[in-house]
1. Does segment 206-249 classify as rounded, prolate or oblate by the C-alpha gyration tensor (a ≥ b ≥ c root eigenvalues; a/c under 1.5 gives rounded; else a/b over b/c gives prolate, otherwise oblate)?
2. What does the charge count around Asp293 come to, taking other residues whose C-beta lies under 14 Å from its C-beta (Lys +1, Arg +1, Asp -1, Glu -1)?
3. Indicate, rounded to the nearest 5 percent, the antiparallel portion of the DSSP beta bridges found entirely in the chain.
4. I'd like the projected area of segment 61-126, averaged over all directions, using the convex hull of its alpha carbons. Report it in nm² with one decimal.
5. Where the accessible area of segment 180-224 is counted over protein heavy atoms with a 1.4 Å probe, how much of it, in %, is carbon and sulfur?
6. Using the charge dipole of segment 11-67 (Lys, Arg: +1 at Cβ; Asp, Glu: -1 at Cβ; taken about the Cα centre), state which of Val19, Gly47, Ala36 has its Cα farthest towards the positive end.
7. For Asp299, Asp92, give me the order by solvent-accessible area with a 1.4 Å probe, most accessible first, ignoring ligands, DNA and RNA.
8. Considering the chain as a Gaussian network with a 10 Å cut-off on Cα pairs, which listed residue, Ala114, Ala174, Ala25, attains the greatest mean-square fluctuation?
Amino acid sequence: MGKKPVYAASTPGFIVNRVARPFYAESFRLRQEQVADCVTLDTLLKGAGGFRMGAFELTDMIGHDVNYAVTCSVFDAYYGDFRFQPSLIQKDLVDAGFLGRKTGQGFYSYQEGAEKPEAQVVSVLSSSDVNTIKCEVSEDVGHLAGLVERLSQAGVQVTQVSGLAKGYLKIGRALLALTDGRMACERAKDELLSDLVLVDLALDYQSAAHLALSRSASTSEAAFNDVVQCLDLLSIKVSEVADSPALVVMRTVAMLANEAADAVLQGVATAEGVDTAMCFGLNYPKGPLAWADSIGVADVEMVLRNLQLSYGEDRYRPSLLIRRIAMLEGSFHVQ
C-alpha cells in the first residue's frame, strides 16, 4: 500500500497526536501574547520552517471541535500535565461554533468573497546595492552558515573578523544573531550589546523565503533597516515580531523535539520511529529529532532552558533525554 509502519507503545496520543501538540500550542500562545497575527505566524512556519501549513490554517482545516477535543483528551490522560494544556483562544472558537472550514469561520473566514489576509511584512525603506552592504562575520557563525553562504552567492562582500563573538554577523550598524531562546532585550542586557537584531530559525537559509526578526529596545531604526535591506537583496521577506523568547520557528521546533525526546525516553517509539511518523503522518519537512541533531542538541536544550527561565513554567522543561544527549555532545541519530 506504500505506507510506512511504525511501532508505538499503547500510550495516550501514541506518536503523532502526542508529539504534534506543541505545533498548535506554541502558535496559539504566540497569538494570545500578541507576538504576531495568525497569518504572519502561519506564513513564517511555511516560509522559514518549511511546513506545508501553519497551525491556524491547519486547525481550521481539521476542525476546532476535533483538534480541541484531542488536546483535551491528551491533557486529561496525562493528569493535567501543563505541556498539553488546551488553548483558551481555541476554546472560544469552539464555544462560538466557529469550527473552521466546515462552518465557514475559524481563525480565518471562508465565506464567499472573504478577503484573504496577508502576512505583516516590513517595508524596505530604500533599495540596497550589493556593493554598499558591508557584512562581517565571526569565525564560527554556527547555524547561520547557510545565510552567510547565500550572502556570498549574492555578491555581498563577507569578511571574517576575529573581534566578533561566535555566531554573530555584523550587517551595517546591526549585530545579527540566531535566537537562543532569550528575548532580544534580555540578551542585549546580558551581553552589553547595542543594535542587536535576532533572527529566527529556518529549515534551510539557502532557500528560506520569509524570516522573523525581533530587536532589543535599544536597537535603532537605522540598524534594523540595514538587516531588512540586506535580506531584501536576497529576496527574503521579513516580518518583525514582538520581542519574545525563541521567536516562532525555533520555539516550535524546540518544543516538538522536546516532546519527541520524551516519547523516546518513555519507550513510546524509537527516534527513527518518531521522525518517520511525523514526516509521513503529518508531512513535516524534517523529523523533530533529526532537526534537533542538525541544530545541535545542546543548542536546543539551551533554547528550552531559556524558555523555561522566561516563563517560569514546567511546560518548557527540557526532556531528560535531551539533557543527557546534550551533556554527552551526542545526537539522536547515530551518523
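1. oblate
2. Neighbour charge sum, excluding Asp293 itself: -4.
3. Close to 50 percent.
4. Convex hull of Cα atoms, orientation-averaged projection: 6.9 nm².
5. So the carbon and sulfur contribution to the accessible surface is 55 percent.
6. Val19
7. Asp92, Asp299
8. Between Ala114, Ala174, Ala25, it is Ala114 that shows the largest mean-square fluctuation.
The values are calculated or read from the model by the stated rules, or taken from the named source; none is laboratory data. It should be emphasised that the depicted structure is a prediction, and the values quoted were computed from it without experimental measurement. Glycine gets a Cβ as well: all are built from the backbone with ideal geometry, and neighbour counts include every protein chain shown. Ligands, DNA and RNA are excluded from the accessible area calculation, which covers all protein heavy atoms including side chains. Shrake-Rupley method; radii C 1.70, N 1.55, O 1.52, S 1.80 Å.
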